Structure formats: structure tokens, C-alpha cells
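Visitor: This is the structure I want to talk about, given as C-alpha cells.
Read-outs: derived from the displayed coordinates by stated rules, not from any lab. Quantities reported herein were computed from a predicted structural model and do not represent experimental measurements. Every residue, glycine among them, receives a Cβ derived from its backbone with ideal geometry; neighbour counts consider all protein chains shown.
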Amino acid sequence: MPEQSFADKSDKEKSPDELKEEILEQRRASQRYFNNNFYSEWAEIYKNIHGRVRPNMYKDKESGELREDHTRTNVCTPDHFNMLRRGTSRLTRNPPNLRVRGGPDNPQGQAMRDKTSAKLMFNWDRAESQRAFKRIVNVAYGIGWAIGKSYYDEVPVVRQLRKLTTTLEPKDFNNLANSDDEQVSSLVQRFGDRLKDQTPFSEQEMSMMVETMGDQTSLKVSTMRYRGPVLDAPFSGDVFPEPGFHSLNESGYVTEMSIRDIDFLKYWSKVNSINPLTGESKPVFSEDACQKVLDKAGSRRFVEDNEISLRRLMREEIELADPSTSGKPIKAPRKRVLIDERHTIISGHLCVDFIGEESEYLGRLWYPWETYGRYVYSEMVLIPDWLGGFGQSTLIVTRFLQQLRNVRLNQTTDFINNKLLPLLKHRRGDDNTAYDVRRTGFGRLLEVDNMADYDFMADPAFPSEAWQDQAQYKLDMQEADPSTVDYSPGTSEQPGPGKFATTARLADKAADNVTSDTLDQVGLFIRDVVELQLWMDQQAMSEPVDVPREYFERIDAISLRTQGSQARVIRVSPMDIQEDLEILPEQGSTLAADDEFRVAGLQQFAAIGERHPDIVNMRAVIKKLAEATPGINAEDIILPPPPPQPPVPPVKLNISLSIKWEELAPDVQAAILQHEGLPAELTTAKGIGHMLDETADAADSAARLEEPVNHDVQPPMQAKPNGKGKPNGSGARK
């Protein structure tokens, strides 16, 4: 039975009008979903962090109009602003330290991992990704959800630099052909052939240049400031995933709404995109569609006027005028166009469709990089929600506590003001002048016709519990987010004022747990972003890049230590990053180094190391302590390691023995003579002769033992030990 192939009917080729209607409807559906469920909360948080409140309104009895009541205190406490500011600054104080895992397990693989890590951190700094990262964390901390966008970019820069005329080369005149100075432009035209050949100037030509241009000249020098992946932070109200999405990469589409200019249209009208399904290459934007969009630009109102957008709600909350209603110049300096770009998957391939001014389909861009099924958008959710998608936020959870704290603060302020300004009753038309009674901050006057019209009643006593409410509300908000509160605990031996050591340690533990969990979520976002940037760099990087040594030192590169390299920069080629690698952000590398408990812990560990110097590396402990202490540079205060000591020479021993040479065996004598380098032939020969004599004697003895016994032969006389020569025995052998 032949296999059946299934195809999604939505992937069929659609006309530009069909695509336009589909994209706009998807974006509007997402916008309605977000507006009904999230935008009001986000706008309220935006109002709180700006210290704004809704005005107290009352209805005027005479005119019937609503007027603002200025007699009552109506202020907002900065609790949410403090939480947002301190939490964001603590999480984003430092750029991340990145490590990679994967590749071959050998010295070459370790060098490749070190180079890749250093190159990724170099990209982060050169692309100024830290600026976008701070903004993303700030938004995610406030509303629970933020978006980062990664793309590959080139940043050319033209600098106006001065140079000595005598040092100019033919290539420097390429930027002077259109000079406003007629003498300079004529000089460039005169050297036209020389500039094409790029041959050096002669002394006569150099003198002519100095006479015409002076000792110095100003040149426009074109340089490539950066080429590589970039992180951007689009506004959360301009990004529209699928309604009810669980995660960004699982969404059926992601639409971004932005305001662009004519340069954006010109760029994409000259860039070709290759269709992976057909292999066809054509410009991303149609020039006819771009012209139609430019003709409509400026004659219509933007989406903020026609629809309920997050920007519009936020402006209304803080009473900020909309730019489109604040007055426009007679002639706009540059035309702005509204662009909708939808990222989606068509037949298994990622692509971007563009709509201009909600009326014209501009074209389609197929992803120029292989992102392995992932959008170029990465989401940051610091507190995950059960339903996925948008996360939670401590600012959203504590917004009602903020309202209660504002109400109680306003009430107590009004009560104090009333107590400080007593009420004074006086008859209308009395003889007292205003100077006699009305003094600055004296009191309030009640003017009556009859002094018996009003009777004073005793004010109710102000309960002491009312003063405790504000402290309790603030404590509740601190419990919701303890990582942003400075408890000033001191140490366990000397806790801060009003704090027990146990209370300080518990507060420390709660703050550390919350911060650790938040850092895990930040690390996931960094990993997603840097993985996208690594994939783009692997496919687009074409030239080697010189990475400063400091980026290798941040990760304590093993390959750098084993090779003993002292170069100021290390070259990373495109082939050094061509491996299947996994990004591992260093835990806590972005955290601010002002945590008192972290310093106290290192100090305690240093004290332990002093008692056990054979186990603890005190130099490493002191270095970590210096890095964790604000305002201290570890390289300035720590001495360099001492130079290596020369190797200890081997111990020489002299042993003297007193022994008679003639009593030594011949073989021992020969061995000693050979060790000292002396001839040992005679000793060896003597030893051999002695051995032969002994062998002969042994042979004679054996032969005598084999002879028969002769009884007629008298045994020889043996001398007695006393030496008198008498026979040893009493008589002859019988």
C-alpha cells in the first residue's frame, strides 16, 4: 500500500491580500486577548512605579461638574519603585560569564570551548547587549513577562578624524572627492590616476599637498564598529504571540508592531531572500509596495488612536499626552511607517511576512540562519505561571497592599494636618482684621452669623493601631519580595540594631532562596539568547576576530593556563566555533557584588583557611573576597604570586669505611676498582688463580678419598698443639 503524505492546507501559497488580512486579524485577536486580561494590570503597575495616583473627584453642587478634591492628601508611596529599582540593579549589575559544554574531550576541544566562550562574551559587550538586557529584566520584574530579540547586524561608523598631511596615503583621499573645499577637491582630481594605482606620493606631490591643505587635514574614515549578533528589547506591548500561548516557541506565530522609516524600506528592497522550498531568490520588499506605503505614511493615525494599546493605557495612567495629539510640525522631518512583521513556520521553514501601514503586503523574508525551529524572540519569565505564557510579578501581587498603604498614609497625614491646624469660630463682620487672626499655618477659620450656630464636638481619639498599619503593610510587601530589602543584619556575633542574630540569618536565607530562583530564570533567558547568537555566528562569521585576553580570564580558561600564553589578544577564527555546543551561564555572574552576606561568608571561610593552610587555597579566597567587596579591584590590592623557586639539588653523601684491602675477596676488590674507574685486570686474574688453586685442592682431596686403604703404610706423625713434636696418641696405628 503506498504511503500517504499529509500537508497542511494553510501552507499553500496565498495571495498578498489574503496574507495581509490573515496577519492583521491574528495581531488584532492577540491584542484583544492581552487587553482583556493583562493590559489593565500592567498599566496600573506603570502608574505605581511613577508614584502617580488617580485624582479624588467630587461632584460640584452648583455646576454639577466633577472636580478634584484638593483638601485631601492623595499621594503614592514609592514601595513599588524601590522594589523594581533595587531588584533590577541587583540582577543586572554585571555582564554574564558564559561557558560552553560539548565538543571533543581533549586539549584541542578545551581550547575550542574557551575560545567560543570568550567570543560570545566579547559579542555581548561589543553589541551593547547589556543595555537591552537591563531593560528586559526591568520589564520582566515589573509585569512578569519581557521579550528579547536576536538578529545579526553590521554597524559601520564614519569618523571625522584629523591627520598630518605628511602621513596621508592615496587611500585616504577616497573620502575627499566631494569635499566642500575647492582646492582640496581639485587636488583630488589632479591625483586621480595616482589614487587608482595606490602608489606612494613623491616629495614634490607631498609639498604641494602641504601647501594646499596645510599641516593637518580632516578626513572621514569608515570603520566597521561591530559585525555580529545583537540583542534588542522590543516593547512588550508591541509583541503579540498567539492568544493563550504556553511558551513563545510553541506559539503558532509571533507578530511585532513597530514604527520604521524610509531607510528600513530601502534596505530590505535591496536584500534578496532564498525560498528554501523552490530555491527562488528575490528581493524581500517589492518596490511598488514600498512606494504605496510611503504615499500613505503621514496621512493616517497610528494604531494608538484607533485601538486600545498598552502604550495608550500607560500614558493615560500617568496623564502623559499622546505624541500624535500634542501637535505636529507642518512638515515632518522623516516619514514614519507602521510595520507589522509576523514570524511563523511555513512547510517546516521559518519566515517573516511584512505589512506596511495595515494596507500593503510588502514581502517575505525566509530566515537566513538555521535556528532549528526557534523564533528569534526569547522570553524572560522570572516567576513562572501555572498556565504558562505570561509570568507572575511581585509588583502585580502586591498592588492591593500598595493601595492600602497609600490610603492609610493619606489618612494619617490628614489627621496630623487637622490636629496642627485648629478650628477657630468667628462672627461675620467682627472687628478683628485678617492680620490679627490669619497667620501662616495658624489654623482654620469658620465664619458664622451667629456664634451659637455651631457647637464643637470632641474629636475621636486616634487609635495607636492606625500607626502600625503602615509598618505591617510594608512588612507584608517585604515578605513578598525579600531579596529587594536591606535588613542591615550585621553579623551573627553583632547583629544590627533591633535585630537578633537568628532573625538576621532567617532573613538572609529567605533573600538568598528568592534570589537564587530568580537567577535560575535569568540564566535560562541568557542561555536561549546566546544559543541563538552562537548559531548565527557559526553560519555568518567569515573573518577571524581578535578577542582581548580579559575575556579568557573571566572564565579562568584552562587552555590559557596550560599553555602559559601571555598575549594581549587571542585570535578566534570561524573554524574555532564549529561544534555542537551547549551554553552554560555562570550562576550568579550577573548579580551585584554588594551582598553583605556573601562578603561575610567569605570572611568566615578565610578565618577557617587561616587555621588550615594545608587544605585551603588562601590566595583564591582573598581574591574572591576582594571581588565581592564593592569599590575594590582585586588586581590592585593582591600581590602577584611569588616566582617559582629553583629546584633543590640532589643530596650528595660520602661514606668512609676502614677495612684491610688484602682481607677483601678478589671479586669485591674488582667491583670497587671498576666503580672508581681503575683497572681491575690483575685483581681479577689473581682471583681467578686463587679460585683455580682451590679447585685443584678440592680435586686432589676427592682423588685421595677414592684410593684403596694400605695397612702397611704408617700415617705421618702429627704435631701436638703444644709444639713439642711428640706423637699425638699413645702408640702407632694397628
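Visitor: Mind checking the full-extension length gain between Leu664 and Lys335? Use 0.36 nm per residue of separation minus the Cα-Cα distance, one decimal, nm.
Guide: In short, 107.0 nm is gained.
Visitor: Another question, if that's okay. Just to confirm a number: summing +1 for Lys and Arg and -1 for Asp and Glu over residues other than Leu409 whose beta-carbon lies under 11 angstrom from that of Leu409, what do you get?
Guide: With Lys, Arg at +1 and Asp, Glu at -1, the neighbours total 0.
Visitor: Here's another thing I want to ask about it. Using square roots of five times the C-alpha gyration tensor eigenvalues, list the equivalent-ellipsoid semi-axes of the stretch 399-480 in whole Å, biggest first.
Guide: For the stretch 399-480, the semi-axes come out at 39, 14, 10 Å.
Visitor: Okay, moving on. How do 393-399, 224-230, 17-23 rank on mean C-beta neighbours within 10 Å, highest first?
Guide: Highest-to-lowest ranking by the protection proxy: 393-399, 224-230, 17-23.
Visitor: Moving on. Please sort 525-534, 147-156 by packing, taking for each peptide the average over its residues of neighbouring beta carbons within 10 angstrom, highest first.
Guide: The most tightly packed comes first, giving 525-534, 147-156.
Visitor: What's the ranking of 62-71, 249-258 by average number of surrounding C-beta atoms within 10 Å, highest first?
Guide: Highest to lowest by the protection proxy: 249-258, 62-71.
Visitor: Lys and Arg at +1, Asp and Glu at -1: add these up for the other residues within a Cβ distance under 14 Å of His246 and post the number.
Guide: For residues surrounding His246, the net value is -4.
Visitor: How large is Rg/Rh for the stretch 341-401, to two decimals, with Cα atoms and a Kirkwood Rh? Can you show the working numbers first?
Guide: Details: Rg = 17.3 Å, Rh = 14.7 Å.
On the Cα set of the stretch 341-401, Rg over Rh gives 1.18.
Visitor: Take the Cα atoms of the stretch 1-158, find their three principal axes, and give me the spread along each one in whole Å, biggest first.
Guide: Its Cα atoms span 85, 54, 44 Å along the three principal axes.
Visitor: Which of the listed residues, Leu424, Thr413, Phe456, is farthest toward the dipole's positive end in the stretch 399-480, when Lys, Arg count +1 and Asp, Glu count -1 at the beta-carbon?
Guide: Thr413
Visitor: Determine the alpha carbon to alpha carbon distance for each of Lys115/Lys623; Lys266/Lys296; Lys20/Lys296 and list only those over 18 Å.
Guide: With Cα atoms farther than 18 Å apart: Lys115/Lys623.
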